[in-house]
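The values are calculated or read from the model by the stated rules, or taken from the named source; none is laboratory data. Note that the structure is a prediction, hence the values are computed from the model and not measured. Cβ: placed from backbone, ideal geometry, glycine included. Neighbour counts: every protein chain shown. Heads up: the accessible areas ignore ligands, DNA and RNA and are worked out on the full protein's heavy atoms, side chains in. Shrake-Rupley method; radii C 1.70, N 1.55, O 1.52, S 1.80 Å.
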Amino acid sequence: MTEARLKHFGWGREGEGLTDAEEAAALDRYRRLFRVDRFDEVAPPALSDIRLRPPRILPPADLAHYCSTEAYDRIAHTYGKSFSDYARGLAGRYDAAPDVVAYPKSEADIAAVIDWAGGAQAALIPFGAGSSVVGGVEARIEGSGCKAAVSLDLRHLDRVLEVDRSSRAARIQAGVFGPALEAQLKPHGLTMRHFPQSFEYSTLGGWIATRSGGHFASLYTHIDDLVESLRMVTPKGPIETRRLPGSGAGPSPDRLLIGSEGIFGVITEAWMRLQDRPRFRAGGAVSFADFFAAAGAVKAIAQAGLYPANCRILDPQEAHNTGAGDGSAAIMVLAFESGDHPLDAWIARALECCADHGGTLERPGEADAHREGAAEAWRNAFIRMPFARERMVRRGIIADTFETAITWERFEEFHDKVKDATETAIRQATDRAGQVTCRFTHVYPDGPAPYFSFHALGRHGDLDEQWRAIKTAAGDALIEAGGTITHHHAVGRDHRPWYDRQRPDLFAAALRATKHALDPQGLLNPGVLIDP
Ligand SMILES: Cc1cc2nc3c(=O)[nH]c(=O)nc-3n(C[C@H](O)[C@H](O)[C@H](O)COP(=O)(O)OP(=O)(O)OC[C@H]3O[C@@H](n4cnc5c(N)ncnc54)[C@H](O)[C@@H]3O)c2cc1C
């Protein structure tokens, strides 16, 4: 059976989405939040109604068999999945559509596209699954010197090529989607266990290029730590790093290329560190009087060196919105897992840390309830959340998230400043109150990674501008209060104003020099991370 194609507007494949009951529940919650009876609804334009500029270049005959200028391909590669992408898609704005979409099947195909793009002075935008929420795959080429844009979709590089059972590593092609990667490792009894929320519709190459964060709250959660070596094709030729468990030989070439967001070259494959499949699990939901008490418990657990697989805390509103709580308490979703040993000692000590901060286990005496009650409600909401945006934006509902990290000693003040600034911006941009909630996605001994969600009722026709005003206020507050503009969503084009303030200028000069050495014509992903 052939799979349905990916939606040109929305998350996942055609035919997938929220059920009517899920949509009704979300709308009901928003009606109560915004105190309205109904929402104005606007449908996104049909594919056949979207107007595109004719392609500015056409692929040469020898590349034509893996390139497309069809409307569906160009439209489905115009945007990522940010709120702004949906708002502009809803308004039928596709002026940044790439001229050509290439679907290479090999490194030789990629090298041929790079050569052609160099001759045509066309921008090249590496494209994994397009789940970027920071404008990472959008061909905004004005001012770059490029005359056209080619989206380079890696979906056909989708195989696990080699498995080294002894070292527990595998050589994997960059265009593989999350589920296909895990399905190919399963017969070997191995797993990468890197589960970003976008797992189903994002790729290994995209994860490496953006330094993604997985579902683990601590330890092996950053893709950075899972990469043993990688291979990249650049306009100056291929780079392949050496497979090593560790190395002290100067600055790490892997670390330079990981997180390069497609500006140096195209990641084609990587040796990835794997794990045994988990056999032991322990966990449950713990409730706290307030968010800062829960944060105190998280800090104690992180500093005790317990390294939980999950240690998310949800503030009372976030717990309510996801069905994990009734809005009166903060909830911690706590879990440990291991492929090797029982976890009784770990969960017992973590629950002691919780009790020290007033936390009570939702089901006393059941420290293996990680798939029940609030923990399960949270998990289900987390998995279904990505499908909500395309339905809510039709009703003018601006629902978005932003994530950051901050050291513990500044956390409480930081949280309050960022939340206040975002709430104020919502009131100013939309003339009514909205909601800002917070959870932790990842935790470290020296600080948490807070993840904020905001909800506002916008006006059709102004949605992108209203969102931008709120996003700008939030970004300013994050940087001014000492945080990072992103913990795991990457920089892309949309986070540039704050990234430029955050990174040292001499470091930018070093990045620019590297870019010049690898991509002297400035073809790859113009506007991302640095300007030439
Ligand atoms: C609903 C939702 C949930 C998300 N949850 C998470 C999460 O939990 N954790 C997280 O870290 N992120 C998350 N993200 C963000 C996004 O999924 C990640 O940034 C992801 O790593 C992007 O992968 P992708 O394959 O879709 O890459 P794309 O979106 O296609 O590309 C992302 C960037 O990487 C570049 N790129 C892609 N492939 C390559 C390659 N092979 N070589 C060189 N450059 C390349 C692109 O040019 C672009 O700049 C989420 C996004 C959404 C929409």
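Here are a few things to note about the model shown:
- Subset of the stretch 219-232 [open to solvent by 10 Å² or more (accessible area, probe 1.4 Å) and either within 9 Å of the ligand (Cβ to nearest atom) or in contact with a Phe, Trp or Tyr (Cβ under 7 Å, 6 or more places away or on another chain) (or both)]: L219, H222, E228
- E390 vs. criteria among the charged types (D, E, K, R), under 29 Å from G80 (Cβ atoms), open to solvent by less than 10 Å² (accessible area, probe 1.4 Å) and within 27 Å of the chain's Cα centre (by Cα): no
- Considering each residue of the stretch 453-470 in turn, none proves to be at pLDDT 95 or above, farther than 13 Å from I398 by Cβ and surrounded by 20 or more Cβ atoms within 10 Å (Cβ to Cβ).
- If you go through the stretch 182-213 and pick out every residue that is within 7 Å of the ligand (Cβ to nearest atom), in a loop (DSSP other than H, G, I, E, B) and open to solvent by less than 50 Å² (accessible area, probe 1.4 Å), you end up with 4.
- Complete set of residues in the stretch 30-53 that are open to solvent by 30 Å² or more (accessible area, probe 1.4 Å) and among the hydroxyl-bearing types (S, T, Y): S48
- Exclusive hit being touching a residue at least 12 places away in the same chain (Cβ under 8 Å) and in contact with a Ser or Thr (Cβ under 6 Å, 6 or more places away or on another chain), set W271, W346: W271
- Residues being closer than 19 Å to S218 by Cβ and either of a type in the set (A, V, I, L, M) or modelled with pLDDT under 95 (or both) - total across the stretch 286-304: 9
- Test set (1) more than 21 Å from the chain's Cα centre (by Cα); (2) in a loop (DSSP other than H, G, I, E, B); (3) surrounded by fewer than 20 Cβ atoms within 10 Å (Cβ to Cβ) - R140 fails condition number: (1)
- Some residue of the stretch 321-330 being of a type outside the set (F, W, Y), touching a Cys at 6+ places or on another chain (Cβ under 7 Å), farther than 18 Å from D225 by Cα and crowded, with 23+ Cβ neighbours inside 10 Å: no
- For the stretch 502-528, residues that are under 24 Å from A405 (Cα atoms) and in a loop (DSSP other than H, G, I, E, B) total 3.
- Any hit, the stretch 11-29, residues being open to solvent by 50 Å² or more (accessible area, probe 1.4 Å), more than 16 Å from the ligand (Cβ to nearest atom), under 28 Å from the mean Cα position of the chain (by Cα) and within 30 Å of T268 (Cα to Cα): yes
- Check on V418, under 24 Å from R88 (Cβ atoms) and open to solvent by less than 10 Å² (accessible area, probe 1.4 Å): no
- Residues that are in a helix (DSSP H, G or I) and more than 11 Å from the ligand (Cβ to nearest atom) within the stretch 108-133 comprise A108, D109, A111, A112, V113, I114, D115, W116, A117, G118, G119, A120, listed in sequence order.
- Unique match (being more than 27 Å from S287 (Cβ to Cβ) and open to solvent by 10 Å² or more (accessible area, probe 1.4 Å)) among R410, R384, R395, R379: R395
- Of the residues making up the stretch 162-181, those that are away from the ligand (no atom under 15 Å from the Cβ) and open to solvent by 30 Å² or more (accessible area, probe 1.4 Å) number 7.
- From P253, P235, residue being within 16 Å of the ligand (Cβ to nearest atom), at pLDDT 95 or above and open to solvent by 50 Å² or more (accessible area, probe 1.4 Å): P253
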